[in-house]
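Just below is one structure, and these are the notes that go with it.
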Amino acid sequence: LASSPLFSGLGQGELAALARTAQRLEYEPDEVIFHMNSLGDGLYLLASGRVKVVVPSPEGKEVILATLGPGAFFGEMSLIDDEPRSASVVAQLPSVVYRVHRQDFARFLESSPSVARALLRELSRRLRRANAHMENLVSMDVLGRLARYLMELAREHGEVLGNGWVAVRRPTHHDIAAAIGTTRETVTRLMSELESRGLVMVEGKMAYIREETLRREGV
Ligand code: CMP
């Protein structure tokens, strides 16, 4: 809890109180943490793993709005506006989360300006990202969107290896397609193209991305 930017401003006593109320939960890949339109029971903190925020498209396909990594929180929107869950959240890798009950979260939000500030900062960051994503969808071709997606994946979830390579647990082609608005077949074709150009390398569960080169070449 202490490593989450949301609660980093809390003192030891407050953190201990929060830890006593939080519930630890584990999820396997593809397990649903909560469903869209359900009632907001609490705020979730991701301790380890990776989760995806998903909504169905009109044709019933999955659309991925965001992917969150360790330290991120989710499920705050329903607690703030008292509306049902705006999206489903599903584990993408084996994940450990802590659930803070809505009343406990409301108490911390009201008693601690640092929690409120951290929350606003993150909501603002997410709006910027959503704006950038919308702009990409409208103005870029699929290869450009894939390159952007891979750069972001490397920056937010990757581990820098040196020599320009960044290692990251590889999302499925289905999930990449659901994040950039294309088909799995197109992702498979374009990933091969990027691999043959030496910009990406896939090996087992890992992908290796030349983040700098992707950005420089603008693909
Ligand atoms: P809530 O609406 O309670 O449940 C779904 C959650 O997904 C939501 O709260 C946010 O925590 C998260 N979420 C929704 N949209 C986005 C987005 N564009 N970027 C990151 N997280 C999001």
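The values are calculated or read from the model by the stated rules, or taken from the named source; none is laboratory data. As the structure is a prediction and not an experimental result, all values here were calculated from the model. Don't worry about glycine lacking a Cβ; one is built from the backbone with ideal geometry, like all the others, and counts go over all protein chains shown. Please note that ligands, DNA and RNA were not included when accessible areas were found on the heavy atoms of the full protein model with its side chains. Shrake-Rupley method; radii C 1.70, N 1.55, O 1.52, S 1.80 Å.
Condition check ((1) within 29 Å of residue 151 (Cα to Cα); (2) within 10 Å of the ligand (Cβ to nearest atom); (3) of a type in the set (S, T, N, Q); (4) not in a strand (DSSP E or B)) across all residues:
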| site | (1), (2), (3), (4) |
| --- | --- |
| 9 | no, no, no, yes |
| 18 | no, no, no, yes |
| 45 | yes, no, no, no |
| 100 | no, no, no, no |
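If you scan region 133-165, which residues turn out to be small (Gly, Ala, Ser) and either in contact (Cβ under 8 Å) with a residue 24 or more places away in the chain or under 19 Å from residue 212 (Cβ atoms) (or both)?
Let us first name the residues in region 133-165 that are small (Gly, Ala, Ser), namely 139, 144, 147, 154, 158, 162, 164.
Hits for region 133-165 are 144, 147, 154, 158, 162, 164.
Here's the yes/no breakdown for (1) within 10 Å of the ligand (Cβ to nearest atom); (2) open to solvent by 60 Å² or more (accessible area, probe 1.4 Å); (3) at negative phi; (4) of a type in the set (Phe, Trp, Tyr):
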site: 70; (1), (2), (3), (4): no, yes, yes, no
site: 108; (1), (2), (3), (4): no, no, yes, yes
site: 118; (1), (2), (3), (4): no, no, yes, no
site: 130; (1), (2), (3), (4): yes, no, yes, no
site: 148; (1), (2), (3), (4): no, yes, yes, no
site: 151; (1), (2), (3), (4): no, no, yes, no
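Of the set (1) touching a Lys or Arg at 6+ places or on another chain (Cβ under 7 Å); (2) away from the ligand (no atom under 13 Å from the Cβ), all apply to residue 40 but (2). Of the listed requirements (1) closer than 30 Å to residue 15 by Cα; (2) part of a helix (DSSP H, G or I); (3) near the ligand (Cβ under 9 Å from one of its atoms); (4) not aromatic (Phe, Trp, Tyr), residue 156 misses just one: (3). Before we move on, is residue 210 crowded, with 16+ Cβ neighbours inside 10 Å, in contact (Cβ under 8 Å) with a residue 12 or more places away in the chain and under 28 Å from residue 48 (Cα atoms)? Considered against the rule, which asks whether it is crowded, with 16+ Cβ neighbours inside 10 Å, in contact (Cβ under 8 Å) with a residue 12 or more places away in the chain and under 28 Å from residue 48 (Cα atoms), residue 210 comes out as yes.
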